[in-house]
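The structure appears below as structure tokens.
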Amino acid sequence: MSPAGTGDASGVALAGVPRRGVLVAAAAAAMGVFPTLSASARPEGVNKPELLPSYQTNVIDLERFLTSGEAKRIDNKLTALQEKTGIKVRLLCQAYPKTPGLAIKDYWGVDSNTVVVVVDKFAERKGSVNILNFNVGEGVKLALPNQFWNRLQSTFGITTFVRDNGEDIAIQRAIDTIDFCLRDGFCVDVPLQFKNPAEDMYGAQDPASKALRQYEDAGRTILSGVTGATEKVFGP
């Protein structure tokens with residue numbers, strides 16, 4: 001399966017997920033969608049309806065990544081988004097194999113106009129570089145193509161962002177970005193106000209951004225010689 005993924009019989013596609021490792025299959029297993037992996041690398045599908053709430057909600061947080069107030073704010077935001085756009089965005093926080101798995105499809109009525117954001121603690125346990133995964137219906141891809149989901153994942157789901165800001169901030173930034181872009185009508189990248197709020201507010205010359213750029217420039221200078229050396233061993 002390519003990073004963009006292909007839909008299964010339900011019309012749900014796995015988007016923005018690299019094609020490697022057990023983690024990929026674990027996140028996909030939450031929705032019953034599997035990349036092409038060897039049998040030994042692919043975890044068994046899960047179907048645990050007992051983990052579902054007895055009431056309807058847009059947010060299922062089995063790992064308590066969010067406070068009750070944060071979960072309520074996201075739930076309200078996603079309800080308003082669906083009323084505005086007709087697109088269902090749902091949030092599932094889990095730690096595979098502690099997941100409702102296939103049961104989530106009927107619970108949320110997953111269809112071609114549904115996005116399921118899967119935040120998986122399994123990723124952190126296995127040392128993955130990303131905790132965010134997205135199951136994106138085909139009907140959503142005209143507004144938010146595969147490129148957008150790849151960049152959203154690599155902005156807020158990576159280990160460094162989660163380590164420095166916490167899972168709750170990573171989740172909220174991702175949800176706020178999706179909400180903004182669906183309301184705006186089209187995005188191919190994470191807008192600056194979510195990716196770098198300080199630079200968006202103060203411009204490229206604000207002290208924090210300037211210091212960060214100087215640090216990055218210095219790092220590139222130092223590493224340029226190292227890169228040349230490693231290429232001799234491993235190839236470009």
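Nothing in this text is a laboratory measurement; each read-out follows from the coordinates by a stated rule. In this text the structure is predicted, and so the values were computed from the model without any measurement. Glycine gets a Cβ as well: all are built from the backbone with ideal geometry, and neighbour counts include every protein chain shown.
Taking the Cα centre as origin and putting +1 on Lys and Arg beta-carbons and -1 on Asp and Glu beta-carbons, what dipole magnitude results for segment 107-200, to the nearest 20 debye?
280 debye
With respect to the cross-link table entries Lys88/Lys141; Lys98/Lys195; Lys48/Lys84; Lys141/Lys195; Lys84/Lys121, which display a Cα-Cα separation exceeding 23 Å?
Where the Cα-Cα span goes over 23 Å, the pairs concerned are Lys98/Lys195; Lys48/Lys84; Lys84/Lys121.
Counting only residues 5 or more places away or on other chains, whose amide H sits under 5 Å from the amide H of Arg90 once H atoms are built in the peptide plane?
Long-range HN contacts for Arg90: Val115, Val116, Val117.
Starting at the first residue of segment 99-109, write each ³J(HN,Hα) from the Karplus equation 6.51 cos²θ - 1.76 cosθ + 1.60 with θ = phi - 60°, in whole Hz, x for Gly and Pro.
Going residue by residue, I get 8, x, x, 4, 4, 5, 4, 6, 4, 9, x Hz, with x marking Gly and Pro.
Counting other beta carbons within 10 Å of each residue's own, what order do Val115, Val46 fall into, fewest first?
Neighbour counts put them in this order, fewest first: Val46, Val115.
Out of segment 41-113, which GluC sites (Glu not before Pro) are coil in DSSP terms and have no more than 12 other C-beta atoms within 10 Å?
Of the GluC sites (Glu not before Pro), the ones in loops of segment 41-113 whose Cβ has at most 12 other Cβ atoms within 10 Å are Glu44.
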